[in-house]
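Reviewing the structure listed below.
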Amino acid sequence: MSPTLSRGTRRTVAGLATALLALACPLAAPALPAAAATGTGQVSTVTYTAAEVSDALSYWTPARMKQVSRAVDLGPTGPLSKPWTGKGIPSIGRLFLVDSRGQDTWCTASAVTSSNRSVIMTAAHCARLGSSPVNTYSDIVFVPGYTKGETPYGRYAVKATTTPRSWAEDTVDDVAAMVVATPAYGKRLTDAVGAQNIAFGRAAGERVAAFGYPATSPQRGESLLYCAGTTQRAPEGEQRVPCDLGGGASGGPWLAGFDSATGKGTVVSVNSHGQGDGGSPMYGPTLDKTARAVYDAAQRG
């Protein structure tokens, strides 16, 4: 998999749209895949070579991370979105990537418990374009605990993404699991930053905290924000929660049973899309059997 612009060409900075599904806008022509993309049963997997993993870390320098923040302003942060001022949550971080048009952008992701201690959960539209199997993204790097340019726990390049086949083919089930590579100098991800629990098949009606790094002002992706509310059942296998986190918060976790003293909870969904131009409510997929298959494929990676 490779971006639309060649590595030798200066890439542009993405203008994040206010809708959280902005990364999934249609393209005039497909990207040319370089990484290995496969599909088995319910799950589609993209793997990146060791060279691509290394290149991703080289690409996302601190200066480039700051550059993409400065380039995007989606307007004032909404009234339901609050800066997180409690104990740091190293298991939640900013997810930098290059989309299938060769544009720099970001999402949000969280480290979760897994057998390989290397899985993060996010939205499928942070991994690939919906309804377009060849349009997958590149140079994906997870920065746990990112705050105002600081990377206190290092950077973890993604070596594989798993998404529902229904997303790649029909833009349904907006959830993804990714496997990060262990840095040569460090520990496996969850050994270093801890992990959120994850649960599947949870019914709507529980109180959650939804986290993300939106591109709204004044934070513009540099600080972690959150909303809190009770989930409700929504059409098409989704749930919703009162929340107005903007673009850039995509993939951020909905944590049930969140304990502010420990920064821990249970992932029961992820930010997918807002109402209209990023307004409340926020919608997220119900983590069903398909989501479980995506997660299981990643933790075996």
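Overview of values
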{"read-out": "Cβ pairs under 6 Å, 6+ apart, first in region 249-264 and without any contact (Cβ under 8 Å) to a residue 40 or more places away in the chain, second assigned to a loop (DSSP other than H, G, I, E, B) and open to solvent by less than 70 Å² (accessible area, probe 1.4 Å)", "value": "none"}
{"read-out": "From the options MET1, MET65, residue that is in contact with a Pro (Cβ under 7 Å, 6 or more places away or on another chain) and either over 20 Å from SER272 (Cα atoms) or at pLDDT below 95 (or both)", "value": "MET1"}
{"read-out": "Members of region 74-94 found to be in contact with a helix residue (DSSP H, G or I) (Cβ under 6 Å, 6 or more places away or on another chain) and either open to solvent by less than 10 Å² (accessible area, probe 1.4 Å) or closer than 19 Å to THR136 by Cα (or both), listed by number", "value": "SER91"}
{"read-out": "Residues satisfying the stated conditions in region 127-151, i.e. more than 14 Å from the chain's Cα centre (by Cα) and aliphatic (A, V, I, L, M)", "value": "VAL134"}
{"read-out": "Odd one out for VAL141 among (1) open to solvent by less than 10 Å² (accessible area, probe 1.4 Å); (2) at pLDDT below 95", "value": "(2)"}
{"read-out": "Residue satisfying condition, being under 20 Å from ALA297 (Cα atoms) and either touching a strand residue (DSSP E or B) at 6+ places or on another chain (Cβ under 8 Å) or of a type in the set (S, T, N, Q) (or both), within set THR171, THR230, THR216", "value": "THR171"}
{"read-out": "Some residue of region 146-158 being within 19 Å of THR286 (Cα to Cα), open to solvent by less than 30 Å² (accessible area, probe 1.4 Å) and at pLDDT 95 or above", "value": "no"}
{"read-out": "Scan of region 112-138 for residues that are open to solvent by less than 20 Å² (accessible area, probe 1.4 Å), of a type in the set (Val, Ile, Thr) and either at pLDDT 95 or above or more than 18 Å from PHE96 (Cβ to Cβ) (or both), ordered by number", "value": "VAL112, VAL119, ILE120, THR122"}
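Rundown of residues vs (1) over 22 Å from ARG94 (Cβ atoms); (2) of a type in the set (S, T, N, Q), yes/no style:
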{"residue": "SER217", "(1), (2)": "no, yes"}
{"residue": "GLY221", "(1), (2)": "no, no"}
{"residue": "LEU224", "(1), (2)": "no, no"}
{"residue": "GLN232", "(1), (2)": "yes, yes"}
{"residue": "GLY237", "(1), (2)": "yes, no"}
{"residue": "SER250", "(1), (2)": "no, yes"}
{"residue": "PRO253", "(1), (2)": "no, no"}
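The values are calculated or read from the model by the stated rules, or taken from the named source; none is laboratory data. Everything numeric in this text was worked out from a predicted model, so none of it was measured. Every residue, glycine among them, receives a Cβ derived from its backbone with ideal geometry; neighbour counts consider all protein chains shown. Just so you know, the surface numbers come from the protein's heavy atoms only, side chains and all, with ligands and any DNA or RNA stripped out. Shrake-Rupley method; radii C 1.70, N 1.55, O 1.52, S 1.80 Å.
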